[in-house]
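I have placed the structure first, in the form of structure tokens, so that the comments after it can refer back to it.
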Amino acid sequence: MAEIASTSAGRGHQSPPAPIMNLADDHLFTVLLLLPVDSILSFSATCKRFRNLACSDSLWESLWRREWGPSSVESIKSSSSSARDGLLLPWMVLFKRVCKLDSVSCHRITNLDDDDEKEEESLLPLPRASHSLNFVTDYLVLFGGGREGGRHLDDTWTAYVGESNQKTLKWKKAESVTPGGRFGHTCVVIGDSLVLFGGINDRGERLNDTWIGRVTCQLTWKLLGVVGTTKPPPRGAHAASCISEKTMVVQGGIGLSGVRLGDTWILELSEDLNSGTWHEVVSNALLPPRSGHTLTYIRENQVVLFGGRGLGYEVLNDVWLLDIQEQCEKWIQIFYDFQDLEESDSLPRVGHSATLILGGRILIYGGEDTFRHKKDDFWALDIKTIPSTGLQLDGGAVCLNGSKAWKRLDGGVSYRPKGRSFHRACADSSGRYVYVFGGMVDGLHVAVTSSLRFENELFMVELLLGL
């Protein structure tokens, strides 16, 4: 009797199962999709049942879709090496590889000649620099730029990319009214349209007009109607980016009389993209004037500025964040501690490209240093290290760990493009492939008055995920 009483007493003190154990797997699945990745990994270490759920392929495919969008999921599924019998690697493994990206691979893209097409439609775009290149509705769109002798180009070219990201494309010259010849302009994707601003023509005139480009059966350009008289002063070699669904930001550049600018302007577009209103950003932070820098959208209402050439012709490597929250527009300088990153001395550059890619990074490629030496390196800046909130700081600055935020990527050995500057780059809708066109390179075909050569090479940069 004593033993029975003792056993009963012991059972009476057992703790009831945690309420979470009573939740069905589909309910837990829904909860996990609301959690950050680190919390999901911690959850997987609690018991066998939760580990199976937290490491399931269906969960990590959904997390991939949540973090990086449905188009990146379809890109992985359609990869030639994984499409035959399903993915060769679990989604969780692929997710980790994207987060730990170490290398990229470059592939030269050749022009597809079609004997059934007229000869003039098979021509390649001329070599150029300081042009624009965008990816919109599955098309690459190339416009304008400068060539040898300071002459501008006023042509528009398109190339259909499609789903397979093939290494052979077909350029077609658009037969439509153009915004007029120019170089050093910017062109930003807003929805399914392009917004082009400013630039310099071959008479040296700075421009401040805004054009809307639409790709349907063919590409068409239309001058944007500006509401009111307020708009940015004319400029070229500035930077621009979308910052929300119908908003574009323009910063810096070279204005009248060759003066470098440090002002920031925001264009708010109407729903039908037929008109827009400009206003200047007033910020307490003193953003140094510059040209040849980049602006990159990282998340809603935030863009990152990097590099460029300053007032004293010095080449910069500073990073700034434009943060727009509840009608408050401010620039915040981001300082990095590079004690554990010896290669950081090579970061200063002008005329580079900075493209948002899969995994929440800015891929920075090429450019030139103070001595005009062309660069061929790839750097990744992890935007997850940049806080999305809580940046209401006195003094307008924040300091971050440089070795965690920056990483120099291996460019591969299969094909290594020449170092270049004032090229242009854009990512496809998945963020896994980046297309690079043109620019100025050192080497062959030296001109009489210059040691530079203008390129018309198109190549693709692929993020290596081990598929």
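The values are calculated or read from the model by the stated rules, or taken from the named source; none is laboratory data. Quantities reported herein were computed from a predicted structural model and do not represent experimental measurements. So basically every Cβ, Gly included, is an ideal-geometry build from the backbone, and we count neighbours across all protein chains shown. Note: accessible area is taken over every heavy atom of the protein model, side chains too, but ligands, DNA and RNA are not part of it. Shrake-Rupley method; radii C 1.70, N 1.55, O 1.52, S 1.80 Å.
Here are the numbers for the structure shown:
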| quantity | calculated |
| --- | --- |
| Residue match in the stretch 39-53 (condition: under 26 Å from the mean Cα position of the chain (by Cα) and either of a type in the set (Gly, Ala, Ser) or more than 16 Å from residue 359 (Cβ to Cβ) (or both)) | no |
| Residue in the stretch 403-427 that is farthest from residue 292 (Cα to Cα), counting only those that are crowded, with 21+ Cβ neighbours inside 10 Å and touching a helix residue (DSSP H, G or I) at 6+ places or on another chain (Cβ under 8 Å) | 405 |
| Number of positions in the stretch 260-297 that are of a type outside the set (Gly, Ala, Ser), open to solvent by 20 Å² or more (accessible area, probe 1.4 Å), over 26 Å from residue 313 (Cα atoms) and in a loop (DSSP other than H, G, I, E, B) | 3 |
| Residue ID - surrounded by the most Cβ atoms within 10 Å (Cβ to Cβ), chosen from residues in the stretch 205-230 that are without any contact (Cβ under 8 Å) to a residue 40 or more places away in the chain and in a loop (DSSP other than H, G, I, E, B) | 205 |
| Those residues of the stretch 352-391 which are small (Gly, Ala, Ser), part of a loop (DSSP other than H, G, I, E, B) and over 20 Å from residue 133 (Cα atoms), in sequence order | 359, 360, 388, 390 |
| Any hit, the stretch 173-192, residues being part of a strand (DSSP E or B), modelled with pLDDT under 95, more than 24 Å from the chain's Cα centre (by Cα) and of a type outside the set (S, T, N, Q) | yes |
| Where a residue in the stretch 135-160 is more than 22 Å from residue 428 (Cβ to Cβ) and its partner, wherever it lies, is β-branched (Val, Ile, Thr) and open to solvent by 30 Å² or more (accessible area, probe 1.4 Å), with Cβ under 6 Å and at least six apart | 154/178 |
| Wholly enclosed helices (runs of 4 or more DSSP H) of the stretch 41-82 bearing at least 2 residues more than 13 Å from residue 25 (Cα to Cα), touching a helix residue (DSSP H, G or I) at 6+ places or on another chain (Cβ under 9 Å) and not charged (D, E, K, R) | 57-68, 70-77 |
